[in-house]
Amino acid sequence: MKDKLPIGIENFEEIRTEGFYYVDKTCFIRDLLNHWGKVNLFSRPRRFGKSLNMSMLKYFFGYGCDSKLFEGLEIAKETELCQQYMGKFPVISISLKDAGAGNYETARGLLCSVIRNEAMRFSFLKESGQLVEDEKIQYQRLLSWEGQEEMNFSMNDETFTGSLLMLCRLLYRHFGQKVILLIDEYDVPLDKAQQFGYYDEMIHLISNLFSQALKSNDFLQFAVLTGCLKIAKESVFTGLNNIKVFSIVNIRFEDYFGFSDSEVKEMLSYYGLKDKFDIVKEWYDGYRFGMSDVYCPWDVINYVDLLLSEPDAPPKTFWLNTSDNDIIRNFIKMAKPGTKRELEQLIKGESVAKKINLELTYRDLYSNIDNLWSVLFMTGYLTQGGTVDERKQLPGDTFLLTIPNQEIRKIFVDQIMEWFQTQSRKDTSKLDAFCRAFFEGNAEAVEIQFNAYLAKTISIRDTSVRKNKKENFYHGILLGLLGYREDWYMRSNAESGNGFSDILIEIDEDEIGIVIEVKYQDSGDLDKGCLEALDQIDRMDYDAQLRQDGMERILKYGISCNRKKCKVMMRS
């Protein structure tokens with residue numbers, strides 16, 4: 001029986017003991033021990049294995065480590081390191097990924113609960129013979145409730161900001177061994193605080209907590225933090241000079257977050273899906289960390305799981321479901337004409353050179369369009385493009401940016417289409433005139449107004465896709481515009497006659513039917529494209545369904561497009 005796929009499972013012990021497939025990243029432990037600083041920060045996009053790696057560290061270093069968890073894995077070959085470090089440390093491990101809320105009080109309470117729940121793992125401290133009575137009282141403060149009900153639990157500011165330092169000290173006193181501190185998704189509370197307007201309060205709280213735990217902690221062996229962004233030092237790591245940052249541009253540790261080509265090939269082979277490699281690569285590869293090209297693990301695992309139940313299933317945007325994509329929405333909303341041109345280049349599969357700021361505060365993320373380029377890069381919506389030689393010619397803080405794969409391209413396209421429809425529907429009189437021109441059979445007016453819409457939108461033309469995919473862009477715009485008329489019955493790609501027409505519209509009150517066929521004309525000969533579209537309507541009898549439904553008058557539109565230009569012809 002094949003191993004199960006670990007969808008949504010971030011607990012290393014569970015994966016290793018419950019029969020789940022595991023891509024071996026344990027050499028991360030070796031390289032961390034060979035190159036660690038006092039505080040180590042790894043910034044990577046969502047769903048690239050940060051939490052699983054942190055869980056792996058917890059189970060490797062923590063007292064009581066079951067060495068069987070690591071049998072057969074690469075780290076087991078490092079016998080000296082295993083003898084020296086495996087199971088030899090008290091480990092404090094917290095995740096802040098669920099410590100965000102719509103207001104400060106709730107978020108603060110969630111943070112207190114995170115600390116308290118971790119402190120409860122060390123209940124032996126209550127009876128420790130190595131602690132004096134005052135220290136046991138200090139530990140008890142981490143567990144006690146200020147309110148009568150559990151929902152009212154909180155710590156005062158002094159107890160909370162000193163909680164991790166205190167726990168480190170108490171564990172050191174009990175074991176006589178310095179502590180390893182793991183903080184996963186450290187920046188989530190700051191992200192939520194910025195979204196909901198309590199950033200100043202949260203940054204003060206978090207920076208004080210980190211300052212005490214990471215800056216002058218004599219009981220700390222080392223700390224590892226993960227997050228999506230490297231937040232500016234003056235924002236949350238004030239005065240912290242012992243931090244080593246490993247971001248997506250660093251070569252060291254580049255292979256430990258995300259899947260490599262060989263790891264994906266091995267997984268597909270294991271599940272009998274070797275023939276799916278090319279489509280998996282097209283949709284989920286393309287991220288560049290350091291000098292390595294990597295796949296998004298979340299996408300690969302989910303798609304493999306889908307293929308096991310539906311062998312012919314097309315790829316999906318699994319990553320989309322893990323975020324509300326506010327970053328792209330804000331980027332498109334703030335885009336100036338020049339930025340829109342650059343976005344068009346990206347959609348076409350090209351690269352744009354941009355200066356990137358790898359240290360931002362959450363307060364600054366949406367302050368200007370330049371910062372948003374940096375955010376899109378650090379969060380995985382864009383990645384490094386170009387050849388090694390091309391990248392070497394750029395200044396150190398400038399990067400060639402590109403969309404990594406088809407999944408992210410689709411996310412951009414969907415958000416652009418959503419933005420376009422929202423913008424176009426603000427001018428109802430213009431939309432009324434556009435729809436009325438179709439109804440009246442006024443091809444010239446349809447052409448003028450559709451050209452005006454195309455001039456204002458962001459052209460979605462991927463040079464790497466087939467012609468019919470390019471036609472989908474114009475098809476989608478028409479659907480969005482004509483869909484404004486809720487009293488019209490409209491169908492897309494509907495079966496009619498001897499095939500499937502692009503758009504069929506029935507206006508029951510006037511017994512008028514409209515059939516629209518869209519062509520993308522690479523040569524730029526728009527007249528030819530219109531004639532081909534109209535001939536296809538007649539040849540394939542696309543108006544058959546409209547006649548069957550009782551439409552007395554049929555209007556046939558051939559629309560030919562190239563870039564931001566269109567030509568419209570009509571037959572009745």
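The values are calculated or read from the model by the stated rules, or taken from the named source; none is laboratory data. Since this is a predicted model, take the numbers as computed values, not measurements. Note that we place each Cβ from the backbone using ideal geometry, even for glycine, and neighbour counts take in every protein chain shown. Quick note on the areas: whole protein, heavy atoms, side chains included, nothing else; ligands and nucleic acids left out. Shrake-Rupley method; radii C 1.70, N 1.55, O 1.52, S 1.80 Å.
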*Assign unit charges at the C-beta atoms only (+1 for Lys and Arg, -1 for Asp and Glu), then state the dipole size of the chain relative to its Cα centre in Debye, rounded to the nearest 20.*
1700
_Out of the trypsin sites (Lys or Arg not before Pro) in the range 1-76, which ones are loop residues according to DSSP with at most 12 other C-beta atoms within 10 Å?_
Lys2
_Amide N proximity, the range 51-69 versus Phe175 label position 7 Å along Cα-to-Cβ, cut-off under 16 Å_ = 55-67
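When ligands, DNA and RNA are left out and all protein chains stay put, how many square angstrom of accessible area per residue does the chain have with a 1.4 Å probe?
Value for the chain: 44 Å² per residue.
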*Calculated [θ] (222 nm, deg cm²/dmol) that DSSP helices of n ≥ 4 give over the chain, each run adding -39,500 (n - 2.57)*: -13000 deg cm²/dmol
*Note down the Stokes-Einstein diffusion coefficient of the range 324-435 in µm²/s, whole number, using a Kirkwood radius over alpha carbon pairs, 10 °C, and 1.306 mPa s.*
104
_If you take every DSSP beta bridge fully contained in the chain, what fraction is antiparallel? Give it as a percent rounded to 5._
50
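In whole percent, and with a 1.4 Å probe on the protein chains, what portion of the accessible area of the range 271-357 is carbon and sulfur?
Exposed carbon and sulfur together represent 48 percent of the surface.
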*What is the sum of charges around Glu71, taking Lys and Arg as +1, Asp and Glu as -1, for the other residues whose C-beta is under 14 Å from the C-beta of Glu71?*
-2
*Please state the Cα pair-distance histogram of the chain with 10 angstrom bins from zero: what percent is in each bin?*
3, 15, 21, 21, 16, 11, 7, 4, 1, 0
_Cβ neighbours within 10 Å, averaged per peptide: list 98-108, 405-415, 295-305 in order, most packed at the top._
295-305, 405-415, 98-108
*Would you pull out the residues with amide H under 5 Å of Asn40's amide H, same chain only if 5 or more places away, H placed 1.01 Å from N?*
Ala223, Val224, Leu225, Lys244
*Using a 1.4 Å probe on the protein chains only, how many percent of the accessible area of the range 1-93 belongs to carbon and sulfur?*
44
*List the relative contact order of the range 176-255 as a percent without decimals, with contacts defined as Cα pairs under 8 Å and 6+ residues apart.*
39
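For the pairs Lys456/Lys556; Lys333/Lys354; Lys88/Lys215; Lys4/Lys230; Lys58/Lys316, flag any whose C-alpha to C-alpha distance is greater than 30 Å.
Correct reply: Lys4/Lys230; Lys58/Lys316.
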*Taking K and R as +1 and D and E as -1, what net charge do the other residues with C-beta under 10 Å from the C-beta of Tyr172 add up to?*
+2
*Determine which residues of the range 1-33 fall in the zone a paramagnetic label at Asp66 would reach in this model, i.e. backbone nitrogen under 12 Å from the point 7 Å along Cα→Cβ.*
12-19
*Counting alpha carbon pairs within less than 8 Å and at least 6 residues apart, what relative contact order, in whole percent, applies to the range 1-61?*
43
*Theoretical gain in end-to-end length, Gln423 to Lys244 [0.36 nm per residue, Cα-Cα removed]*: 60.0 nm
*asked:* Could you check the spin-label model distance between Asp200 and Ala313? Points 7 Å from the Cα along Cα→Cβ, value in nm.
replied: 4.9
_With the alpha-carbon atoms as the only input, what is the per residue convex hull volume for the range 41-137 in Å³?_
154
*Sulfur and carbon atoms: percent of accessible area, the range 414-558 [1.4 Å]*: 42
*Throw me the Rg/Rh for the range 466-555, computed over C-alpha atoms with Kirkwood Rh, two decimals.*
0.97
*Between beta-carbons, use under 12 Å as the cut-off and find the net charge around Gln212, counting Lys and Arg +1, Asp and Glu -1.*
-1
*Could you order peptides 183-194, 307-318, 492-503 by the average number of other Cβ atoms within 10 Å of their residues, highest first?*
183-194, 492-503, 307-318
*Charges only on Cβ, +1 for Lys and Arg, -1 for Asp and Glu: so what's the dipole of the range 1-157 about the Cα centre, in debye to the nearest 20?*
580
*Given H placed 1.01 Å from N in the peptide plane, which residues other than close sequence neighbours of Ile356 have an amide H under 5 Å from its amide H?*
Thr398, Phe399
